[in-house]
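Single-structure report; data block below.
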Amino acid sequence: MVRFLLIASFFGGVDQAADGKSDGKPADEIVGRLESPEGQPIVDFKVEAFRQTGRAEGEFVTGDDGAFRVPAAWFRDPLFAGEEFVCIARDSAGGLGWFQIQSSSARARNGAENPRPTPFRLALLPTERTITGRIVDPDQKPLAGVRIQVQRLRHPLNGDLYLYGFGMKDELPLPSAATDDKGRFRLKLPSGADATLHALHPAWVVRHFGPAGDDDLGEMAMQPAGRIAGKVVLAGSGRPVAGIVVSATRFNAVRGRSFRRNPRGEDPDANLGMDGYCVTDAEGRYEIGGLKTDLHEMQVNAGPNHRDLLGPHLRDIDVQTGKTVTVDMTVQKGRRVAGQLVEAGSGKPIPGRRVYANVFGDRERQRSLISSPYPITNERGEFECFVLPGFARFKVEAYREEPLKQIPESTSEFEIGEQGPIPRVVLKLRGPTPAEVRRLRPNPTLQFSTRPNAIGGFAFDHEGKLLVTAGWFDTDAALQEWSNGTVRGDLRIWDAKTSAEIARIEGEFGGLFGAAISPDGTALATAGRVLNSPDAGELRIWDLKTRELRGVLQGHTKWVLAVAYSPKGKYLVSGSFDKTARIWDAATGNELVSLPQSSTPNYLRFSRDGRTLLVGCRGGTIKLYDGETWKERLSLEVKGARLFDVDLSSDGRYFAAAGAIYEADGQSIKSSTPGLIRIWDATTGKELRSWNVEGHSSGIAFSPNGKHLADARHTSSVWDVETGEELAAIFRNMSSSGDQVRFSADGKSLAIAGHQGLQFWDISPLVPDNDDDDSK
């Protein structure tokens, strides 16, 4: 797999155009801007473009405004379909900056009609953090000459950078270090950056690890590795072919199947290497080391300059410890296939789509043959690729988040011979109906990132100006930390209009699952765990302005999972694993009432007038209580389903639930089982509407005016409460099993939180200015 890298290095007295233009056509260029952490432009940097194999592609220079320009064709070229563009900046003092931009195919999947790259920025960060450690063999003897290489970096200013693949001889353009004769290494990283590191040596299995809270990683053992070596030649002549990328990948890692397991059903070495690659030399030879004992898949990539050279896709290469498997491969010239993707009926070209071109050795598809990288359609919907002779299958998919639909003409199958003409491939998708055109498909307008930490719950203040996220520090040792109770809470306050982080509240408290802001905006309540206890839970009350702890409410005996204020701020209600919902006096912190439940009460909602309290339990029970006497008004048990969230409309007329249907055993749920959404009358308990959804909705919320209902899934939706019609489909680039959803105070934005971030979505077209909003 080939990816572009840009490396920026400092130099003085550059005698060339400062704007770095490649062809004088700004419309065909994408502007990158290099800045200091304070936002000041950095000038006179030579920016070089490389392939991951180390071959230079071009040079650029930052101008007086810190800008440099990259050809837009690099982003749109079908040769690099699905690839990411990465910009990396380094100076002589060790400063490091990066930015990773989505490929044209990724942008198309997110809904762009004519996907184009957008201007980007990257900050040059000082590398002030020193990571140390020691690499040893299984007998605790030090290993010298092991390269410690950064593979993944994350930082709030530069986002997430992930470099795929690695070579034992080719160093990636990110920080690296080598172990000394005592096995020790020192590696410099930017402060505040999260990283994934590789330990690389041909004789030892590649090891993946990441520094979490500690900068000294201690001892890490590596295991003896196997190797694959051989030669790549041209079919017919037997001439060696140089510059071919040969990759080897653990078989099950590619196919999404489970790894080889030990008798307990676990993989004790999940952090050990999955793949490796090498580039053939002038004699066509290659050697890939650092491979773990397992079945591997192998393939060759001749690169864009020789994209007509293709080779077989080999499977079941059995790598053994301490041995070298010899695998010679032959490449041959493929046959060119051209085609176009259009809308059925109108013939309108569909740009920016990946075409899956697969060729098999026979019609039973028992033996697959590798083709060139899957092409992306251009602005005219055209594509081309090279394939080996055989039974070909060309296919394009319609994405769930859009109105285009697949039809039989979305796939074309035919034989490709060694010689003779090849028909032009025409693929079709059904265009949207008028009703589908009217459906809203918004893009996120704001993003709040807590990566790598997780969000357990979030809340707005009454005016919608502040946003609070409550969660926990997510580390590599999270599983063990959850068991012993040492996971620390992560509590942040944000400007809800700009996504700027205002403050973090830190202290001796455990992971948090929920938060609520008092109606007067002075107090913040959090629900979570007691630090260093595996079972205990607690409610904490904070002063929202000073961020000081006001008090801890004692009473729950297990984790506290949910918390809510009554509309006038008189009461506070909490739900816990101890199967109780408890009512507290918000002014004194005294417990007033304990409401026993049949299972864990995860979902708590008040009506706008405070007269009704809803308590929903994941086990399927939903109860409505009087908001002053706390007497039960209505009790309902949802049969045959597990509940993931429950909400009450602000006027108290309806309540709704999202969940998933149980299997026949009444206990288990599979990812393939349907999700469901149901709405009931809050006075009678009569079910008003019910429908199934693809996937499981982990969150659900009524709009302030009660006319809309939103759910949180990977593809989330906004529904009409009266009709059950889907009004908006929201495709999200991040999701998790614990996502939550809330409307903004004015009902014109939707906030959806995953474990590692929160996004805002503009849904104002659903709420026109003349729409009566009885929430005001």
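The values are calculated or read from the model by the stated rules, or taken from the named source; none is laboratory data. Since this is a predicted model, take the numbers as computed values, not measurements. Virtual Cβ from ideal backbone geometry, glycine too; neighbours counted across all protein chains shown. For accessibility, only protein heavy atoms count, side chains too; no ligands or nucleic acids. Shrake-Rupley method; radii C 1.70, N 1.55, O 1.52, S 1.80 Å.
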Counting Lys and Arg as +1 and Asp and Glu as -1, each charge on the Cβ, what is the dipole of segment 566-689 about the Cα centre in debye, to the nearest 20?
180 debye
Rounded to whole Hz, the Karplus (6.51, -1.76, 1.60) HN-Hα couplings of segment 545-555, x for glycine and proline:
7, 8, 6, 8, 6, 7, x, 10, 8, 9, x
Note down the accessible area of residue 306, probe 1.4 Å, to the nearest 10 Å².
100 Å²
Hey, can you grab everything whose amide H is under 5 Å from the amide H of residue 293? Only 5+ residues off in sequence or another chain; H modelled, so Pro and N-termini drop out.
226
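Going by a ≥ b ≥ c, the root eigenvalues of the Cα gyration tensor, does segment 654-763 fall in the rounded group (a/c under 1.5), the prolate group (a/b larger than b/c) or the oblate group?
Values: a/c = 1.98, a/b = 1.09, b/c = 1.81.
Since a/c reaches 1.5 but b/c is at least a/b, the shape of segment 654-763 is classed as oblate.
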Ignoring ligands and nucleic acids, what accessible area does residue 630 show with a 1.4 Å probe (Å², nearest 10)?
20 Å²
Apply the Karplus curve 6.51 cos²θ - 1.76 cosθ + 1.60, θ = phi - 60°, to the phi angles in segment 680-693 and return the couplings in whole Hz, x for Gly and Pro.
10, 7, 6, 8, 9, x, 6, 6, 9, 8, 7, 8, 9, 10
Just want the answer: with Cβ charges of +1 for Lys and Arg and -1 for Asp and Glu, which residue in 556, 503, 471 is farthest toward the dipole's positive end in segment 442-589?
556
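For a test of the definition: using alpha carbon positions, the gyration tensor, and the 1.5 limit on a/c, classify segment 460-537 as rounded, prolate or oblate.
Values: a/c = 3.20, a/b = 1.91, b/c = 1.67.
The shape class here is prolate.
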Charge sum, other residues only, whose C-beta stays under 11 Å from residue 39's C-beta, Lys/Arg counted +1 and Asp/Glu -1:
0
Counting only residues 5 or more apart in sequence or on a different chain, those whose built amide H sits under 5 Å from that of residue 313 are 370
Take peptides 192-203, 573-584 and line them up by average Cβ neighbours within 10 Å, highest first, as a rough protection proxy.
573-584, 192-203
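Show me the ranking of peptides 481-487, 500-506, 602-608 by mean Cβ neighbours inside 10 Å, starting with the highest. Can you show the working numbers first?
Details: 481-487: 16.6, 500-506: 13.4, 602-608: 22.1.
Descending packing order for the listed peptides: 602-608, 481-487, 500-506.
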